[in-house]
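Written out below as structure tokens is the structure these notes cover.
The values are calculated or read from the model by the stated rules, or taken from the named source; none is laboratory data. All figures in this text were calculated on a predicted structure; none of them were measured in a lab. Every residue, glycine among them, receives a Cβ derived from its backbone with ideal geometry; neighbour counts consider all protein chains shown.
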Amino acid sequence: MAEPSLSLQKLVADRLMANAEVMALIGDPANIVDTGVRPEHDLTVILGDGQTVYTGVIARAYLNVHVFVKEPGMKLGKEIAGAMVDCVPHDAQVEHCYLDVDGFAVSDLSIDDTRFIHDGTFSHAIVNVAAIMRAV
């Protein structure tokens, strides 16, 4: 079985890259990366920090998405986070279907919260994603 937070990372990246509004703000899909270092580019979306909590066959996976934008204020960082809030969530009860990723059925995909901080010359948005997943 794959690690649920890694599968969640893939699912979130796929949803971001498939969304025209997000990609209009981010530009190049190469700006979405899995790294643990401070970005070298003017705009970077970092996936990777995660956690999984297991309850029997159900896993609740969490992913912290970090958006770094070299800008004097917070405008673009907040716009990207807002676009993510619009494109990432999925509710299987409302949509009448599960999302499938790497052997998991995802019944709920949500944004738990967003935070915005200045980080040197970068605006830094943190978008916390949660998913309820079951191995299939």
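The table that follows gives values for the structure above.
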item: Residue list for the range 32-65, restricted to those being of a type in the set (S, T, N, Q) and either at pLDDT 95 or above or in contact with a helix residue (DSSP H, G or I) (Cβ under 7 Å, 6 or more places away or on another chain) (or both); result: T44, Q51, T52, N64
item: Count of the range 81-131 residues which are aliphatic (A, V, I, L, M), surrounded by 18 or more Cβ atoms within 10 Å (Cβ to Cβ) and within 15 Å of K10 (Cα to Cα); result: 9
item: Sole exception among (1) in contact (Cβ under 8 Å) with a residue 12 or more places away in the chain; (2) of a type in the set (A, V, I, L, M); (3) closer than 20 Å to A125 by Cβ for M1, by number; result: (3)
item: Residue match in the range 102-113 (condition: over 24 Å from A20 (Cα atoms), touching a Ser or Thr at 6+ places or on another chain (Cβ under 7 Å) and assigned to a strand (DSSP E or B)); result: yes
item: Hey, P72 touching a His at 6+ places or on another chain (Cβ under 9 Å), at pLDDT below 95 and in a loop (DSSP other than H, G, I, E, B) or not; result: no
item: Pair list, Cβ under 6 Å, 6 or more apart: the range 112-134 residue over 30 Å from Q93 (Cβ atoms), other residue assigned to a strand (DSSP E or B) and not hydrophobic (A, V, I, L, M, F, W, C); result: I117/H124; T121/K70; F122/K70
item: Counted residues, the range 33-60 - those being under 21 Å from C87 (Cα atoms) and either part of a loop (DSSP other than H, G, I, E, B) or touching a Leu at 6+ places or on another chain (Cβ under 6 Å) (or both); result: 2
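Rundown of residues vs (1) free of Cβ contacts under 8 Å to residues at least 24 places away in the same chain; (2) under 23 Å from P4 (Cβ atoms); (3) out of contact with any Phe, Trp or Tyr (no Cβ under 6 Å at 6 or more places or on another chain), yes/no style:
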| site | (1), (2), (3) |
| --- | --- |
| R60 | no, yes, yes |
| F68 | no, no, no |
| A83 | no, no, yes |
| Y98 | yes, yes, yes |
